[in-house]
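The values are calculated or read from the model by the stated rules, or taken from the named source; none is laboratory data. As the structure is a computational prediction, the values presented were derived from the model and not from experiment. Every residue, glycine as well, gets a Cβ built from its backbone with ideal geometry; the counts of neighbours run over all protein chains shown. Areas reflect the complete protein model, heavy atoms only, side chains present, ligands, DNA and RNA absent. Shrake-Rupley method; radii C 1.70, N 1.55, O 1.52, S 1.80 Å.
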Amino acid sequence: MTTTVESIIWIVGFVLVTVTVTGLSGRVNWSAPVALVLVGAGVSFIPGVPDIELDPDLILYGVLPPLLFAAAIQTSFRDVRARRDSILLLSVGLVIATAFVAGVATWALVPGLSLAAAVAFGAVIAPTDAVAVTAVVGRTPLPRRVVTILQGESLLNDATALVTLTAAITAIGGVLNPGQIALEFVLEVVVGVGIGLLVGWVLSLIRRQLHAPVLDTSISLVTPYLAFIVAQLLHGSGVLAVVIAGLFLGYRSPSVQSAEARIAERINWRTIEYLLENAVFLYIGLNLRPIVVGALDSGYSVGQTVLACVGILLALIVARTAWVFGTTLLYRHGPMFIRARSWSWKSATAVSSAGIRGVVTLVAAFLLPDIPQRPFLQFLAFVVVVGTLLEGLLLPFILRALRMPPPNIAQEYSERGNLMSEAKAAGAAELDRIVTGDDPERVVEQLRQAADFHGELDGVAFEEGVEHPIKAYQRLRRSMIQAERAAVLQARRENRYQEPAILAVLASIDAEEASLRATER
């Protein structure tokens, strides 16, 4: 009973500290992941604070699937497909190359470590973390293409890293067979993709029949675990299965879910992602003291430790920079059919600078086999995460120095306006088709005027330095909504209406405000 209560207290404390530190970091424009790691590290050295040990399977099966799914359903499948060549080069090619480069560096810098164990460690520190990149970059605008590539890379490189880690761990305990490892790699990928598509397709059929948002949300919450566990049981990549299922369901959601269910799912998964991602960074910091103690007990000198830390960080930077710029060179001067898909040197610099590690590196570090150097390797993984987070603090300055073109707001407004006009025209045509002489004329006329009004707003071109009519409408309507809500609450205080009427009107106002906020993004 005491253990259960203590666990609940720790969970509540984690949430409170995470929310507080993240909120304060946002106020002072500081990186939330860095702040959480520093706070956790400071707390870990306070006398009396116990070591927090989690079962690696709890992290692998309990934390990783929802984190990946939350990112996947918010990622555009069309954008990932459009940039699939760049994303695959980074999420597969770069991860494998980094695992071997960092592995060889670790093998050379850590005495007594086998090459297979070193490559396993290289796989641990190979994948980047897009959420950490986004948190560090903050409000610095990036071209959509760069954002899509970084998001797609972080989604798929986790699967590559974990599959590579599994293969390297297998090699530790036996004779290295490249053919068998390659076959197992392909099998894990094929099974993972197949299970992800199957789970996504089956659940989309089920969700199409659900009309209650609560039931739909319940299915959504178990989806990542279902995809992950089934794929793992069939010797596939659970990570890849979760990502594919998330991309599939995110793309299909407008066709299989109600508006209420989509809004609820979006809010729920954003909340889960926020809490888990930031809580993991706090957990990284809280493990500093036991990790340092384990590293000191490993028998390596201070000089060897410093040399290993610096050498491995440099190996990661060199591997990523060489791969990204080599890829850029190939795109720009390779065969004609790939030159059309080339990216600029500025984009290459931005992508190569975004090598921040995060959650998956922490999770994978706990999956390393029980070898004598395991505590020291976990310490090095911690150094890599913290080191790349600190390195990432330079990223906003690098991006500003590059003066990369921000997203084309004028084009986005134009496309949004054209699409909304098409949608309104379809709605007006449907109104003409279904209206009858029995329908109130005033209602029909009001619907036509509303469609015409929004069509006129969306058709206005965007001008730099001039407030767009849509923005003006949003600003004015938002003020009106605040006044309407205040009037309803005043009526409640005066007891002039019954509670059901109050709640119904508030729900209607909330729905319109949510719709208004959705169009502001």
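Distance between the modelled labels on ASN29 and LEU447, one decimal in nanometres: 4.9 nm (7 Å Cα→Cβ projection).
Tell me, what is the percent relative contact order of the chain, built from C-alpha pairs under 8 Å that lie six or more residues apart? Could the numbers behind the result be given before it?
Details: 631 pairs, mean separation 106.9, N = 521.
Relative contact order of the chain: 21 percent.
Cβ under 12 Å from LEU380's Cβ, LEU380 left aside: what net charge do those residues give with Lys, Arg +1 and Asp, Glu -1? It would help to have the intermediate numbers written out before the result.
Numbers: positive: ARG357, ARG374; negative: none.
The answer is +2.
Per-residue packing, averaged as other Cβ atoms within 10 Å, sorts the ranges 68-76, 211-219, 474-482 into the order 68-76, 211-219, 474-482, beginning with the highest.
Against the chain, whose longest principal axis is taken from its Cα atoms, helix 95-109 shows a tilt of about 30°.
Taking the longest Cα principal axis of the chain as reference, the axis of helix 238-256 is set at about 10 degrees.
Seen against the Cα atoms of the chain and their longest principal axis, helix 213-233 is set at about 20 degrees.
Of the listed peptides 115-127, 344-356, what is their order by residue-averaged count of other C-beta atoms within 10 Å, with the highest listed first?
Details: 115-127: 27.6, 344-356: 21.4.
Ranked by mean Cβ neighbours within 10 Å, highest first: 115-127, 344-356.
Rounded to the nearest 0.05, the FRET efficiency derived from the C-beta distance between PHE45 and SER301 at R0 = 22 Å is 0.50.
Rounded to the nearest 500, the helix-only mean residue ellipticity at 222 nm of the chain stands at -25500 deg cm²/dmol, with each DSSP H run of n ≥ 4 adding -39,500 (n - 2.57). Ligands, DNA and RNA left out, the 1.4 Å accessible surface of the chain is 65% carbon and sulfur atoms. In whole percents, the pair-distance distribution calculated for the stretch 200-305 from its alpha-carbon pairs, binned every 10 Å from zero, is 13, 32, 24, 15, 10, 6, 0.
Accessible surface computed residue by residue for the chain, with neighbouring protein chains in place and a 1.4 Å probe, gives 51 Å² per residue.
Regarding the chain, what's the average projected area of the Cα-atom convex hull, expressed in nm²?
Average of the hull's projected areas for the chain equals 31.3 nm².
Taking 0.36 nm per residue of separation and subtracting the Cα-Cα distance, full extension of the segment from ALA428 to LEU215 would add 73.4 nm. Ordering 360-373, 490-503, 21-34 by mean Cβ neighbour count within 10 Å, with the highest value first, yields 360-373, 21-34, 490-503.
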